[in-house]
Amino acid sequence: MNRRHVLGALGTATSLGTLAYATRDPVDTLEIRLWLSERAATYGTARRRVLEYLGRLLDFEFWTVDVSLGGTISVSTEDGALVTSSGEWPLAVTSGTVGPGDIEPASDVNLLVTDGQMRRAPTGYGLPHVASVGGARYLDSLEPFDDLVGTGADGDVERSIVPVRTPTRTMQVLLHEIGHALGLHHDHGVAFRYGDAVVATPMISTYAFDPTYDVDRSRCGTGFATLDDHERRLSLAFSRCARRELRTYTGGIGPRRTIGE
């Protein structure tokens with residue numbers, strides 16, 4: 001976790017220094033825009049799955065969600081974390097914000113999906129209003145939302161509980177990085193018992209299954225279920241603690257105020 005923070009500070013200081021923020025209160029519509037790397041764009045279903053899942057999972061009662069496609073961009077690396085921690089993707093978003101460019105940023109989350117690996121962490125990265133994740137090939141193989149969640153073994157759309165597979169884990173990492181882009185932290189997640197399984201929500205993600213992870217409760221005070229010998233499952237739905245924080249979100253990218261002024 002400290003390594004993530006250090007990389008982000010070193011790699012994005014210049015680009016974020018020119019990124020303009022705006023305050024919007026209330027936020028009636030959450031604006032998310034998706035871009036794909038050139039390699040990621042070769043997977044025809046990946047973009048459709050991302051738009052579909054985000055439209056369902058981020059459409060809360062306190063806002064509507066506007067998820068749109070930004071297009072295809074050329075990047076120097078398909079590493080879903082490095083493309084942001086190095087400053088490359090934030091700089092591209094910044095260039096579109098403060099001057100002429102090929103990118104028209106969304107107000108709230110600018111998401112880049114690449115064809116990067118999903119085996120070794122970090123596989124994605126999230127900063128204010130900017131996020132990236134690898135795994136386009138796995139998103140391409142993900143089932144439609146209603147097939148996976150609505151008629152799955154759990155049949156619980158509210159919790160959106162899914163098995164631990166690379167495609168589902170990739171979607172959860174994507175949601176995790178969007179959470180960071182909106183100001184959420186790892187301890188906005190929870191791990192809870194559901195039948196014979198322990199289920200991790202997006203912000204804690206598979207950290208909940210790591211015995212060396214030293215946090216045992218959310219920042220809202222909810223204790224984490226212990227894994228013991230229970231099955232591991234993932235939830236694609238943000239926890240109540242995370243949703244409570246998202247309800248207070250008032251940020252966005254805007255043309256007027258620059259960080260450091």
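If you go through region 42-69 and pick out every residue that is over 12 Å from D108 (Cβ atoms), without any contact (Cβ under 8 Å) to a residue 40 or more places away in the chain and among the aliphatic types (A, V, I, L, M), you end up with 2. When residues in region 118-133 are screened for being among the polar types (S, T, N, Q) and within 10 Å of the chain's Cα centre (by Cα), 1 of them pass. Restricting attention to region 36-69, the residues being closer than 18 Å to L142 by Cα and part of a strand (DSSP E or B) number 1. Among the conditions (1) touching a residue at least 24 places away in the same chain (Cβ under 8 Å); (2) surrounded by fewer than 20 Cβ atoms within 10 Å (Cβ to Cβ); (3) in a helix (DSSP H, G or I), the only one that T72 does not satisfy is (3). Across region 22-29, not a single residue is classified as in contact with a helix residue (DSSP H, G or I) (Cβ under 7 Å, 6 or more places away or on another chain) and surrounded by 15 or more Cβ atoms within 10 Å (Cβ to Cβ).
Against the criterion of being polar (S, T, N, Q) and either touching a residue at least 40 places away in the same chain (Cβ under 8 Å) or assigned to a loop (DSSP other than H, G, I, E, B) (or both), T84 qualifies. Only residues that are under 19 Å from G183 (Cα atoms) and either free of Cβ contacts under 8 Å to residues at least 24 places away in the same chain or of a type outside the set (A, V, I, L, M, F, W, C) (or both) were counted across region 215-231, and they come to 4. Screening region 103-128 for residues that are of a type in the set (G, A, S) and assigned to a loop (DSSP other than H, G, I, E, B) and picking the one that is surrounded by the most Cβ atoms within 10 Å (Cβ to Cβ) gives G116. Looking only at residues in region 210-248 that are of a type in the set (S, T, N, Q) and assigned to a loop (DSSP other than H, G, I, E, B), the one that is nearest to M171 (Cα to Cα) is S239. Can you confirm whether R33 is buried (at least 21 other Cβ atoms within 10 Å of the Cβ), outside any strand (DSSP E or B), in contact (Cβ under 8 Å) with a residue 24 or more places away in the chain and charged (D, E, K, R)? When the stated conditions are applied, R33 does not pass them. Within region 193-209, being of a type in the set (S, T, Y) and in a loop (DSSP other than H, G, I, E, B) holds for one residue alone: T201. Of all the residues in region 249-261, those that are over 22 Å from the mean Cα position of the chain (by Cα) and either at pLDDT 95 or above or in a loop (DSSP other than H, G, I, E, B) (or both) number 5. Name the residue, out of T212, T201, that is free of Cβ contacts under 8 Å to residues at least 12 places away in the same chain and not charged (D, E, K, R). Selected residue: T212, the only one of T212, T201 that is free of Cβ contacts under 8 Å to residues at least 12 places away in the same chain and not charged (D, E, K, R).
The values are calculated or read from the model by the stated rules, or taken from the named source; none is laboratory data. What you see is a predicted model; the values in this text were computed from it and never measured. Virtual Cβ from ideal backbone geometry, glycine too; neighbours counted across all protein chains shown.
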